[in-house]
Amino acid sequence: MLAELRRVNFKYFLDQWNDRTGLIADKTEVGSPASIAAVGLGLSAYIVGVERNLFSRGEAVERTLKVLRFLHASPQGPEQDATGYKGFYYHFIDMETGRRAWKCELSTIDTAILIAGVLTAASYFSRADAEETEIRNLAEGLYRRVDWNWALNGKSTITHGWSPESGFLPYRWDQGYSEAHILYVLALGSPTFPIRPDGYHEWTSTFEWKEFYGQPHFYAGPLFIHQLSQMWLDCRGIRDAMNRKVGIDYFENSRRATYVQRQYGIENPHGFAHYSEHGWGLTASDGPGPAVLKLDGTKREFFGYIARGAPLGPDDGTISPWAVAASLPFAPEIVVETLHHAIERLDLKRRSPYGFDASFNPTYPEKSRNPNGWVSPWIFGLNQGPIILMIENHASELIWKTVRKCPPIVEGLRRAGFGGGWLQEQDPDSTPRAEGQPKKE
């Protein structure tokens with residue numbers, strides 16, 4: 001089942017791309033721009049494709065080179081229609097031209113997802129031939145020009161982004177457990193514009209330790225927060241200062257968060273349709289709203305695209321099976337049976353050419369192509385990638401092992417104060433640089 005799910009999800013990255021630029025569409029809607037995060041996920045998924053014989057190494061090299069060459073040559077500047085600025089990229093860009101779409105923001109986290117994929121490709125394609133050497137050179141160039149210090153905007157924590165019309169966004173990655181680990185690790189490990197560790201420690205000090213359903217952990221409601229950085233970062237056994245304080249690593253934290261979601265489905269405190277031991281998976285997803293309806297005497301508010309979470313919400317009855325699949329390495333004993341249920345009982349896979357429907361809501365009163373109520377009309381690259389990468393990490397640890405060989409990511413982890421586990425095994429004499437000292441040459 002998992003192998004077939006990986007195969008059909010991979011088709012998204014084969015089909016939803018531009019053969020001139022190599023860019024990957026945000027979603028299946030006609031005319032969708034590229035998502036720079038989907039490009040990063042696609043670059044990592046290509047590696048899985050090679051290892052699982054879903055396409056050849058030569059095809060993967062060709063596609064990887066195409067998009068890296070395009071990104072390297074695309075315009076970087078303060079102009080409103082550039083592809084990026086200061087090494088960062090706009091959240092959405094035109095599939096054909098690479099120009100900024102929809103007056104969106106220059107996104108630090110989406111750029112980090114892109115760079116994670118770029119560096120994974122560089123680590124994997126290690127042969128001495130001309131094409132794979134070019135991949136490594138382009139990847140290094142793209143990473144080296146990201147000015148992480150500029151993104152601090154005069155403070156210690158990284159801003160969410162910037163726009164040419166209004167400058168830096170008023171938000172920072174400085175409050176609460178979030179998906180920003182990969183962002184800070186890349187910024188700390190930069191060979192050209194490394195930030196100081198102060199901001200990382202300032203951010204992690206705000207993590208909230210909460211207990212729900214007998215699972216104490218650093219709380220964040222949406223599942224994607226517990227998954228995103230760990231698609232690339234193998235957090236098993238490595239610990240930073242906050243991990244040492246509470247006695248568990250971030251992998252164990254994600255395992256507990258996954259169990260919280262399942263128990264929330266069982267408890268079903270708001271009485272939504274189909275929540276159960278096999279009906280759970282709240283994350284950032286498409287939804288049937290916005291709408292406020294009275295159903296069976298109960299007022300219900302439904303949302304559009306929003307980050308749903310458990311147990312503190314928001315929650316409108318929308319379940320995302322892809323988010324369950326992306327939790328596979330953390331809790332396979334509950335994920336596999338839930339996926340079987342989604343495929344065999346709910347028929348959430350047969351109607352989509354790329355695996356699961358992105359999300360569904362059986363509480364919302366709408367007839368759709370699925371008898372279980374409202375179903376998202378689109379498939380998203382940001383959903384497809386995590387399924388592929390996490391199925392493969394569970395099966396072979398491919399992405400984790402590939403990234404563990406990437407020197408700047410290793411350096412970023414150590415500057416963040418991580419130590420132990422595989423970091424210690426790589427270099428038994430090393431110690432976490434908790435105070436942020438750069439590596440001695």
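The values are calculated or read from the model by the stated rules, or taken from the named source; none is laboratory data. Quick caveat, the model's predicted, so the values are computed rather than measured. Glycine also receives a Cβ, built like all others from the backbone with ideal geometry; neighbour counts cover every protein chain displayed. Remember, those area values only see protein heavy atoms, side chains included, never the ligands or the DNA or RNA. Shrake-Rupley method; radii C 1.70, N 1.55, O 1.52, S 1.80 Å.
Tabulated data
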item	result
Charge-dipole axis of the range 1-121 as Lys and Arg at +1 and Asp and Glu at -1 on Cβ define it, positive-most pick from 49, 88, 18	49
Accessible surface of the chain [probe 1.4 Å, protein heavy atoms]: carbon and sulfur percent	49 percent
Principal axis box of the range 227-305, alpha-carbon based, largest edge first, Å	49, 24, 21
Dimensions in Å of the chain - Rg and Dmax from alpha carbons	20.9, 69
The range 375-404 versus the range 169-210: alpha-carbon centroid distance in Å	23 Å
Calculated Rg and Dmax of the range 58-196 using C-alpha coordinates, Å	15.1, 46
Computed accessible area, residue 85, all protein chains, 1.4 angstrom probe, square angstrom	50 Å²
Residue of 292, 246, 260 that the Gaussian network model of the chain assigns the largest fluctuation, springs spanning Cα pairs under 10 Å	292
The range 258-291 versus the range 99-123: alpha-carbon centroid distance in Å	30 Å
Residues of the range 258-273 with amide N under 12 Å of the 7 Å Cα→Cβ point at residue 213	258-269
Pairs of Cα atoms farther than 15 Å apart, the range 97-174, %	64 percent
Per-residue ³J(HN,Hα) for the range 395-404, Karplus 6.51 cos²θ - 1.76 cosθ + 1.60, θ = phi - 60°, Hz, x for Gly and Pro	6, 9, 6, 4, 5, 4, 5, 5, 6, 5
Among beta bridges that DSSP assigns inside the chain, antiparallel share in %, nearest 5	95 percent
J(HN,Hα) series, the range 100-109, from Karplus relation 6.51 cos²θ - 1.76 cosθ + 1.60, nearest Hz, glycine and proline x	3, 10, 6, 6, 6, 7, 6, 9, 6, 6
Stretch gain in nm, segment residue 277-residue 244, where the contour uses 0.36 nm per residue and the Cα spacing is subtracted	8.7 nm
Other-chain or far-sequence residues with amide H under 5 Å of residue 26's (modelled H)	34, 35
Cα-projected label distance for residue 307 with residue 425, points at 7 Å along beta-carbon direction, nm	3.2 nm
Volume per residue that the Cα convex hull of the range 353-407 spans, once the total is divided by residue count, Å³	110 Å³
Rg over Rh, two decimals, the range 127-248 (C-alpha only, Kirkwood Rh)	1.03
Extension gain from residue 205 to residue 155, taking 0.36 nm per residue of separation minus the Cα-Cα distance	16.4 nm
Most mobile listed residue (299, 27, 103) in the chain, GNM with C-alpha springs under 10 Å	299
Per residue accessible area in Å² of the chain, where ligands, DNA and RNA are left out and the probe is 1.4 Å	38 Å²
Vicinal HN-Hα couplings computed from phi for the range 40-51 (Karplus, 6.51 cos²θ - 1.76 cosθ + 1.60; Hz; Gly/Pro x)	x, 5, x, 4, 6, 5, 4, 5, 4, x, 5, 5
The range 143-200: mean projected area of Cα convex hull, nm²	4.1 nm²
Two-decimal ratio, the range 1-131, of alpha-carbon radius of gyration to 2.2 N^0.38 Å	1.03
